[in-house]
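Step one of this worksheet: look at the structure below.
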Amino acid sequence: MAKTDEEWMLRLQAGDDHAFDHLLGKYRAPVVHFVYRLVREPALAEELAQEVFLRVFRARRNYRPRAKFTTWLFRIATNVALNALRDGRMRRWGETSIDAEDADPQVAQLSVPGPTAEQRLLEAERARQIRAAVESLPEKQRLAVLLHKYQDLDYAEIAPILECSESALKSLLFRAYEALRVKLRPLAGAQP
Amino acid sequence: MSKHLKEAEIIPYLDARLSDAERQRLDRHLADCSACRTQMAEFRALLGVLEEWKAVEPSPAFDAAVRERLRAQPEPLPRWAWLRLRPAWGAALVVLVMVAVGLWQLTSPVPLQEQGSAPERAQVEPTVVPDTAPETASAEGDSLELLDDPVLLENYELLAEFDVLFEPVQANNKKDQL
Ligand SMILES: [Zn+2]
């Protein structure tokens, strides 16, 4: 019988180290994806995602299965990523590492030899426009889109992360997608 | 013609999260209204376009790095550790109050029976603040336990769960030196 995330978290709490491996295995990619789309610097995203799991581990004894594990996890991830953005860690990385544009995986792929370099360039440009459109949203709308569209969480999981009601979340999502619909209309008309 | 689609039902419609009855009502409207139909088609196209933005994948060394950082950075004393002292503090406070009341009763000229009478107690005790729910607590359903239950907002254990959000984690020193 498969265990729920909450049950795994309780096993971790009880000292079962294997439970942490399980949660890492299941959520390392979702957390990296989420943080990457917020900070959009791959190495920083990786470092911050590790920090998220550090906090999960350290908070294990205080975890109570009242909130869904995903709500708890992505709330921590949101906080870690936003703190990094606000305390200027982004800028520090910007100065010391390669330019974020070059670090974009879809741009980085350009150097990989392939049959359709031109196609890749077009895809990278479209991805850049999508990213720019999502980044132009107010913070709460941006988080709502990342959690809904890219992490595929349901309303009941997202609303507590954003500290709003489910009905407020539905309006928030509508406003976010409405803004994106207008901004990205040129892309929707010309699928690659 | 029926009413145009409402903001809060468009995304749930696309997510297939409406009840059958609601969905059928929207479907009937969409069959009649080209404006809403166009809007819905554009939302659907948008959700497809958004798929094109790919994220990076974790490095193969991700788990090992987490383990290494757990080893390298000693677990800080939790900020909420003082809360564990609360029972002891509480007990001390109770004893203190009992002693104070006892002393007061010994020195008080008023007979004990009268102290217990309702009108006097009302004067001694502060006005009880009505236990109203904060405005954020809405009656929207049980899925939002965290926000809907005002008692939880006073619950230190729950707050402690979220304390980890604010606990400073040392920046990765190796990265600092790069
Ligand atoms: Zn209509």
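The values are calculated or read from the model by the stated rules, or taken from the named source; none is laboratory data. As the structure is a computational prediction, the values presented were derived from the model and not from experiment. All Cβ positions, glycine included, derive from the backbone under ideal geometry; neighbour counts span all protein chains shown. To get the accessible areas, we keep the full protein, side chains included, count just its heavy atoms, and leave off ligands, DNA and RNA. Shrake-Rupley method; radii C 1.70, N 1.55, O 1.52, S 1.80 Å.
What to note about this one:
- Shielding by other protein chains, A:150-159, mean Cβ within 10 Å: 3
- Peptide ranges B:32-44, A:171-183 listed from the most packed, as the mean C-beta count within 10 angstrom indicates: A:171-183, B:32-44
- Across region A:5-86, Cα pairs under 8 Å and at least six residues apart give a relative contact order of 36 percent.
- In region A:5-86, the portion of solvent-accessible area held by carbon and sulfur atoms comes to 48 percent [1.4 Å probe, whole percent, DNA, RNA and ligands not counted].
- Using the 1.4 Å probe convention, the accessible area of region B:7-50 works out to 50 Å² per residue with neighbouring protein chains retained.
- Vicinal HN-Hα couplings computed from phi for region A:125-137 (Karplus, 6.51 cos²θ - 1.76 cosθ + 1.60; Hz; Gly/Pro x): 5, 5, 4, 4, 5, 5, 4, 4, 5, 5, 5, 7, 6
- Couplings for region B:25-33, taken from phi via the Karplus curve 6.51 cos²θ - 1.76 cosθ + 1.60 with θ = phi - 60°, read 4, 5, 4, 5, 5, 4, 5, 8, 10 Hz in order; Gly and Pro are left as x.
- Total accessible surface hidden between A and B, rounded to 100 Å², 1.4 Å probe: 6500
- Sulfur and carbon atoms: percent of accessible area, region B:7-50 [1.4 Å]: 48
- Listed peptides B:6-14, A:12-20 appear in the order B:6-14, A:12-20 once ranked by packing, highest mean of other Cβ atoms within 10 Å at the front.
- In order through region B:45-55: 3J(HN,Hα) via Karplus (6.51 cos²θ - 1.76 cosθ + 1.60), integer Hz, x for Gly, Pro: 5, 4, 4, x, 4, 4, 4, 6, 7, 8, 9
- Ligands, DNA and RNA left out, the 1.4 Å accessible surface of region A:117-188 is 48% carbon and sulfur atoms.
- Legend: residues in region B:35-53 shielded by at least 20 square angstrom of accessible surface upon adding the remaining protein chains to the isolated chain (1.4 Å probe, heavy atoms) are B:Gln39, B:Glu42, B:Phe43, B:Ala45, B:Leu46, B:Leu47, B:Val49, B:Leu50, B:Glu51, B:Glu52, B:Trp53.
- Counts of other chain beta carbons within 10 angstrom of each beta carbon in peptide B:16-28 average 0.
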